[in-house]
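A short reminder: the numbers here are calculations on the coordinates, not readings from a lab. Since the structure is predicted, the reported quantities are computational estimates derived from the model, not experimental observations. Cβ sites come from the backbone with ideal geometry, for glycine too, and all protein chains shown count toward neighbours.
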Amino acid sequence: MSKALRLSEKWFRRGLWLVAFVFASFLIGLGGTLVGDLPKVEQPLVLDDFLDLAQVQPLRDQAHAAREHSTQAQAALEQAQLQQSKAASATRAERETFDNWLATRSVTQRAEHDPEVLARTRQLDALRAQQQRAQQAVQAQQQALLDARQSAQAAQARLAQLEQDGHQRLAAEQRRVELRVFLYRLALTLPLLVLAGWLFAKKRQSTWWPFVWGFIYFALFAFFVELVPYLPSYGGYVRYVVGILITALVGRWAIVALNRYLERQRQAEALPDEQRRQELGYDVALARLGKGVCPGCERTVDLKNEAIDFCPHCGIGLFDRCGACGTRKGAFARFCHACGTPAGATPVPPAQARTAATPVAPAGPAATA
Ligand SMILES: [Zn+2]
Ligand SMILES: [Zn+2]
């Protein structure tokens, strides 16, 4: 990007970067939708799929019936208890009247020969017998309730045992499904990442670079961001291992590129001045001069100092003199800024150049350039 010096070219490049990002964002949206839709290929799991229904269903029926019985027994018990308390209070009331009547009677005459005493005693006995029956009815209902409850508990306990086994099988199957779903996504995103790596290595400077970069951003995003919510517990390992691998590859590439650059630079600095000048692109040289560094070796040079015509680090000519008018001009300029003569169009022999030049004219390779 820094190589572009023309204003329109700069803006075109910015526009193309925008194209790259927009392209990436649409791809990311598409990828996210695709990755999000993947679990639909799996059936949702339910507990009953993992239970032996031939065993479980009778237990469930038993528990259900026992609960019904227990509700009925509870209602019956309440009725019986009410009957019992009625009978008890009737007996108590009769007993009290009888005792009072007896007390008044005993003062006047002997009770054991009085038929009325016998009749009232029999009536009291009948009431007591009725109370006894009510008591027995209550106990019978209590028994029924207890039986129903115990039956329900037994069925429930067996059911819980079976369901616990079912839950274990369900959890195991869920882990398998989770792995399968994760692998689908990995199978979708990992090849994208590999393709992005290949594009980065081979095509990042091609004519179609905005699409290449857009695709690279998309692949990185899809793998490192869109995959995250679907990772199983150990999915982090996959993510970090791939991340480490990519960092190592990019790091290795950068180190190799740096060494290659340094080697190329070392070889270039050993070449003759003229050849180096030709190998440097015009725009590259201008961009480097604009940043205050030597176009040849990229080390800093004080370009404002008029006494400096050559790079003190690599010796490349930075300024020379116009062959026509002798003005000091940038050695990389294509035309003399004073008279407009094309640089190198009329190569001036050193002797002639020296006469045309001011006394400070540099001798040596620059004069022939
Ligand atoms: Zn230099
Ligand atoms: Zn000139």
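Fully extending the segment from residue 334 to residue 53, taken as 0.36 nm per residue of separation minus the present Cα-Cα distance, adds 92.1 nm. A straight chain from residue 244 to residue 274 at 0.36 nm per residue would run longer than the Cα-Cα distance by 6.3 nm.
Net charge in the neighbourhood of residue 74 (other residues with Cβ under 15 Å of its Cβ; Lys, Arg +1, Asp, Glu -1) is -1. Rounded to the nearest whole Hz, the Karplus-based 3J(HN,Hα) values (6.51 cos²θ - 1.76 cosθ + 1.60, θ = phi - 60°) of segment 242-253 follow the sequence 5, x, 4, 4, 5, 4, 4, 5, 5, x, 4, 4, with x at glycine and proline. Summing +1 for each Lys or Arg and -1 for each Asp or Glu among the other residues whose beta-carbon sits under 15 angstrom from that of residue 337 gives +2.
Put in order of Cβ neighbour count within 10 Å, fewest first, the listed residues 203, 86 become 86, 203. Extension gain for residue 201 to residue 313 (0.36 nm times residue separation, less C-alpha to C-alpha distance): 37.1 nm. In this structure, the pairs whose alpha-carbon distance is over 32 Å, taken from 202/291; 203/304; 203/329, are 203/304; 203/329.
Computed over the chain, the per-residue total of -39500 (n - 2.57) for DSSP H runs of n ≥ 4 gives a 222 nm mean residue ellipticity of -24500 deg cm²/dmol, rounded to 500. Computed from the C-beta positions of residue 88 and residue 158 and an R0 of 45 Å, the FRET efficiency is 0.65 to the nearest 0.05.
Around residue 264, with a cut-off of 13 angstrom between Cβ atoms, what is the net charge of the other residues, counting Lys and Arg +1 and Asp and Glu -1? Taking every other residue near residue 264 into account, the sum is -1.
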